[in-house]
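The values are calculated or read from the model by the stated rules, or taken from the named source; none is laboratory data. No experiment lies behind these values; they were computed from the predicted model shown. We place every Cβ from the backbone using ideal geometry, glycine too, and count neighbours over all the protein chains shown. With ligands, DNA and RNA removed, areas are computed over all heavy atoms of the protein, side chains included. Shrake-Rupley method; radii C 1.70, N 1.55, O 1.52, S 1.80 Å.
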Amino acid sequence: MKQKVVLVHGYFKTEKDMFALKSELEKANFEVITINLPLTFNKLKSVLTLFKSEVGKIFAESKREEKIHFVGHSTGGILIRRYLAVTEYKNKIGRIVLIAAPNRGSRLAYFAKKYFRPFTDIFKTLSSIEIENIKRLELAAGEEFEMAAIAGSKSNLFLGRFLTKENDGRIRVESVKFSGLKDFVVLPYGHKDIHFQEETAQLVAKFLKFGNFNGGNNNAD
């Protein structure tokens, strides 16, 4: 039986943004499910209700002992962690990979809130990932689940020049990493293309199958 994995897209995107990763994971023999979510004008907490409903349907159609994996890009990873903190299906959660997710908050969102407040008032999803708002979301801790993260280090986007320290053009590497992760890796890609890379997909598949990015040799940092 193929293992199931749910892919969650990021801010200002649709499920189509995850189709390249979906295709690669299907080649790795996973059954892949994508979900369309209103992650643009809505706060994460309001999107959570829809996400819980959609995931609930997936669990309802799965076998009793079957576990479901989750992979999220950017803000999608934060939504997954928020869901994990409140779900009643903790015993059915498999492994989780967060790709370029602002787990410690987005400094660009912080700057937008500080200097362009009307912008974040409209694009409420962006406001949700601002540093102080991330803390208020009460996200699931890394120790609670088998969770890994992938960060990008190619600052190839215009806004990346406003960030200090290593970043992917949107999110700093240090914001992606947090305590309790089973594994963590930095890849030389930008925020908008990291989840389109074959290398990323291969690492995701390894973690979902083996619980680490080494494909069985557990030498995580």
All positions within segment 194-221 that are surrounded by fewer than 16 Cβ atoms within 10 Å (Cβ to Cβ) and charged (D, E, K, R): GLU198, GLU199, ASP221
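Results for (1) among the aliphatic types (A, V, I, L, M); (2) in contact with a Leu (Cβ under 8 Å, 6 or more places away or on another chain); (3) farther than 22 Å from GLU26 by Cβ, shown as yes or no for each residue.
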site	(1), (2), (3)
ASP183	no, no, yes
PRO188	no, no, yes
ILE194	yes, yes, no
GLU198	no, no, no
GLN202	no, no, no
Exclusive hit being without any contact (Cβ under 8 Å) to a residue 12 or more places away in the chain, closer than 21 Å to PHE210 by Cβ and among the charged types (D, E, K, R), set GLU61, GLU24, GLU65: GLU65
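Can you tell me which residue among GLY77, GLY72 is touching a residue at least 24 places away in the same chain (Cβ under 8 Å), in contact with a helix residue (DSSP H, G or I) (Cβ under 6 Å, 6 or more places away or on another chain) and surrounded by 21 or more Cβ atoms within 10 Å (Cβ to Cβ)?
Every option except GLY72 fails the conditions.
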Yes/no for ASN167 being open to solvent by less than 20 Å² (accessible area, probe 1.4 Å) and over 18 Å from GLY72 (Cβ atoms): yes
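Might you check whether a residue that is closer than 16 Å to ALA201 by Cβ and surrounded by 15 or more Cβ atoms within 10 Å (Cβ to Cβ) occurs anywhere in segment 46-64?
no
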Residues of segment 9-21 classified as open to solvent by 50 Å² or more (accessible area, probe 1.4 Å) and closer than 18 Å to GLN202 by Cβ, total: 1
Members of segment 170-188 found to be part of a loop (DSSP other than H, G, I, E, B), out of contact with any helix residue (DSSP H, G or I) (no Cβ under 7 Å at 6 or more places or on another chain) and open to solvent by 30 Å² or more (accessible area, probe 1.4 Å), listed by number: LYS177, LYS182, PRO188
Selection status of ASP183, at pLDDT 95 or above, touching a strand residue (DSSP E or B) at 6+ places or on another chain (Cβ under 8 Å) and among the charged types (D, E, K, R): yes
Residue in segment 186-195 that is of a type outside the set (A, V, I, L, M), closer than 26 Å to ILE129 by Cα and touching a residue at least 60 places away in the same chain (Cβ under 8 Å) present: yes
Inter-residue pairs, beta-carbon under 9 Å, first in contact (Cβ under 8 Å) with a residue 12 or more places away in the chain and within 16 Å of PHE207 (Cβ to Cβ) and in segment 164-182, second among the basic types (Lys, Arg) and open to solvent by less than 80 Å² (accessible area, probe 1.4 Å), 6+ apart: LYS182/ARG95
